[in-house]
Amino acid sequence: MSQDKVSSKKHNYNFRSGLFLIESMLFLVSQGIGLYVGYALFKLGYTPSAETNSSVIIFLLTFLIATAAIVSMLKFFKGKFLFQFLLAFLIFAGSETVFSVFVPDLIAIVLSGVVVFLRFKFQNVLSQNIAMVFAISGIGATLGVFLSIRAVLIILAVLSVYDVVAVYRTKHMVSMFRGLVDRGVPFSIVVPDKLKNIHSSVLTAKPGKGGFLMLGTGDLTFPLVFSVSALNAFGILSAVSVIFGAFLGLFFIHILLLKKKKGAIPALPPIILFSLIFFLISILL
């Protein structure tokens, strides 16, 4: 899910190139690191599960349970600690996967701890985005390695429909997103429209206030899962094609956000649609 607010009619026709440039950089860096990590994991002998149906069921059940748990915690727990702990765990897990590809396990653990420490020590847009890039790269690569391409396609189809329902019908995704932002622990990339704003506090960064856009981690993680799985099944051309398609989907989302006066939109469907189109083109070449 992507969220922004456009404060005036004039902004509807302003491309906000600085915002899109930073957004693109964060997207491409996370995808590039994640794809390399996935490649390295395949070289180490990791392979997707052969049980497509069970993989899909387990993943979707886990996803729904985790979402329900977060929504419930936001309703009944007013503090920040539980959400900070969950964010720290995701950052650590993703970072450890990334670092373990380059350095021995013990050093990877220490470096992952440093990433978590810096995120909560400084709590600015820069530390948030560095931490989330590591989290997205590591978690996305891991899922892409262990899920077959068939399982990934089924999961992404289901989640694309779910994203629309969760944003426009039940609206619980919007409530969850805002609840986490209000607690200063957004599970998202925080995109400033100017580089000088990277030192702004993530505790006060809000969509549409101060020129910030927030892109949910799922919108970056799931195309990476698709790309890594495609890498194993069809090779580097398909993997890069998926990322290129996702990038075009991101561009499409950027335009849609500028057309809306305010609010959230489900970003995953167009991102996955463009990824799928270019994936199909790649395997037909």
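The values are calculated or read from the model by the stated rules, or taken from the named source; none is laboratory data. Just so it is clear, the model here is predicted, and its values are computed rather than measured. All Cβ positions, even for glycine, are placed from backbone atoms using ideal geometry, and neighbour counts span all protein chains on display.
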Every pair of residues 6+ apart whose Cβ atoms lie under 7 Å, when the first sits in segment 63-91 and is of a type in the set (S, T, N, Q) while the second is outside any helix (DSSP H, G or I) = Q84/V185
Can you tell me which of P192, P186, P207 is buried (at least 21 other Cβ atoms within 10 Å of the Cβ), modelled with pLDDT under 85 and more than 20 Å from I277 (Cβ to Cβ)?
-> P207
Residue within segment 227-245 that is buried (at least 21 other Cβ atoms within 10 Å of the Cβ), part of a helix (DSSP H, G or I), more than 19 Å from the chain's Cα centre (by Cα) and polar (S, T, N, Q) present = yes
Hits in segment 195-217 (condition: touching a strand residue (DSSP E or B) at 6+ places or on another chain (Cβ under 7 Å) and assigned to a loop (DSSP other than H, G, I, E, B)) = S200, V202, A205, P207, G208, G211
Selection count, segment 170-194, where residues are over 25 Å from M25 (Cα atoms) and assigned to a loop (DSSP other than H, G, I, E, B) = 3
Can you pull out the residues in segment 129-160 that are β-branched (V, I, T) and in contact (Cβ under 8 Å) with a residue 24 or more places away in the chain?
-> V133, I136, I139, T142, V145, I149, V152, I154, I155, V158
Only listed residue being assigned to a helix (DSSP H, G or I), more than 20 Å from A88 (Cα to Cα) and at pLDDT below 95, chosen from V167, V145 = V167
Does L86 satisfy the criteria of being touching a His at 6+ places or on another chain (Cβ under 9 Å) and either among the hydroxyl-bearing types (S, T, Y) or under 29 Å from Y36 (Cβ atoms) (or both)?
-> no
